[in-house]
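Taking it in order: structure first as structure tokens, then the write-up.
The values are calculated or read from the model by the stated rules, or taken from the named source; none is laboratory data. These numbers were taken from a predicted model, which means no experiment stands behind them. Cβ coordinates were reconstructed from backbone atoms using ideal geometry, including for glycine residues, and neighbour counts include every protein chain displayed. In case anyone asks, the SASA skips ligands and DNA or RNA and just uses the protein heavy atoms, side chains included. Shrake-Rupley method; radii C 1.70, N 1.55, O 1.52, S 1.80 Å.
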Amino acid sequence: MSELLVAVLRIAYLALLWVFILFIASTVRTDIFGHRVPRTATPASLVRAGDAAPSRRRRKRSRREPLPGQLHILSGSRAGQIIPLSDRILVGRGGDSNLPIDDDYASTHHAEFAQGIDGAWFVEDLRSTNGTYVNGERIEELTQLAIGDEVRIGRTTMAVEAAGRR
């Protein structure tokens, strides 16, 4: 073989090796930090006062809709349990959590469920490593829950239900 051919093969081999290394680094970064999900909700500070007031029809409809009252754990170490939504619920592996879950993919203080002043329930990710997902989408800010929503924390999946439903 000529020296030119050997040099070209060496360069091609090094280029292919660097492409492989960059691909592995990208995969590891995605596994650690996850994918970025764009914000779909407009922050309250950016909404004009006239736009924030719901219409009369919308107010009447929201009064008839039942509010979330319990979490039904569908999968994970506590599958089958029903957790009533009262006060606030801290979820994680920590001993001080209201809802401790035995899950390697959950942080010590992973997420918090809290009730708003209007009776609505919200979930917030507490800067966990693997994130909190509502209906399959990773959340990065306080997110309102509705009946039928599924919340996933690590390998634990919970369904939001009305009070007393089974």
Checklist entry - Counting pairs of alpha carbon atoms under 8 Å apart in space and at least six apart in sequence, what relative contact order in percent does the stretch 76-135 give? => result 26
Checklist entry - How much length, in nm to one decimal, is gained on full extension between LEU14 and ALA163, taken as 0.36 nm per residue of separation minus their Cα-Cα distance? => result 47.4 nm
Checklist entry - Fully extended, how many nm does the chain gain between SER77 and ALA120 (0.36 nm per residue separation, minus their Cα-Cα distance)? => result 12.8 nm
Checklist entry - Sorting THR132, THR27 by accessible area (1.4 Å probe), largest first, what list results? => result THR27, THR132
Checklist entry - Between ARG88 and ILE32, what FRET efficiency comes out of the Förster formula 1/(1 + (r/R0)^6) with R0 = 22 Å and r the beta carbon distance, rounded to 0.05? => result 0.15
Checklist outcome for this item: Largest-first ranking of ILE153, ILE11 by accessible area, probe 1.4 Å, whole protein assembly kept, is ILE11, ILE153
